[in-house]
Amino acid sequence: MKKLLIVFVITLIAGIDQVSAQDSKRIGGQLIYGTNINSLGIGAIAEFPIAEKMIISPSFSFYFPKDETIVKTSAFEINGNLNYMLLEEGMIQLYGLGGLNYTQMKVKTDLSIIGGTTDFSVSEGRIGLNLGAGVNFDLAKSFLPFAEVKYIISDFDRLVLAGGMKFNF
């Protein structure tokens, strides 16, 4: 399943360059927080316009590992969203988003702390749906600050808050 998802994302990104010719493409970084995971993370995000008000936005995010005595959790996610511009008023660009999400979570135990000899590790991935909204702050520069809120519907349900900077390329 992971290989299929990776092939899908690579094909999507490669094909986008053929269709987007209207507005500038952007790539940037973001700081995220995910409920349920209860951790901050960092990520990369891109934007590829495909129609007048429609933008494909792939992203990758890594949540910082959480260490709770004998249990350590970590996670990453891959997203492929379609953003639709709802409002462009002055410096504010408001958009709705929907798309696919893949989240991989890993839990590892360190039993040596309590005198155990065997460590245990399990990793699991799930596919989900993204629904949310975002806002770009168009400062008429070569960079674009943004903020997003989305809810991921899957076995790893969570609300994700993101903010960062996208750069024209």
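The values are calculated or read from the model by the stated rules, or taken from the named source; none is laboratory data. Not measured: the values here are computed from a predicted model. These accessible areas exclude ligands, DNA and RNA; they are computed on the full protein's heavy atoms, side chains included. Shrake-Rupley method; radii C 1.70, N 1.55, O 1.52, S 1.80 Å.
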### Karplus 3J(HN,Hα) series, Hz, for the stretch 47-64 with 6.51 cos²θ - 1.76 cosθ + 1.60 (x for Gly, Pro)
9, 10, x, 10, 7, 3, 10, 10, 9, 8, 10, x, 8, 10, 9, 10, 8, 4
### Task
Using only Cα atoms, locate the centre of the stretch 120-169 and the centre of the stretch 29-45, then give the distance between them in Å, rounded to an integer.
8 Å
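Ordering Lys150, Lys66 by accessible area with a probe of 1.4 Å, largest first, what comes out? Walk me through the numbers on the way to the answer.
Working: Lys150 15, Lys66 55 Å².
Solvent-accessible surface, decreasing: Lys66, Lys150.
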### Query
Say the cut-off is 20 Å between C-alpha atoms; which of Lys66/Lys108; Lys66/Lys150; Lys72/Lys166; Lys106/Lys166; Lys25/Lys53 go over it?
Lys66/Lys150; Lys72/Lys166; Lys106/Lys166
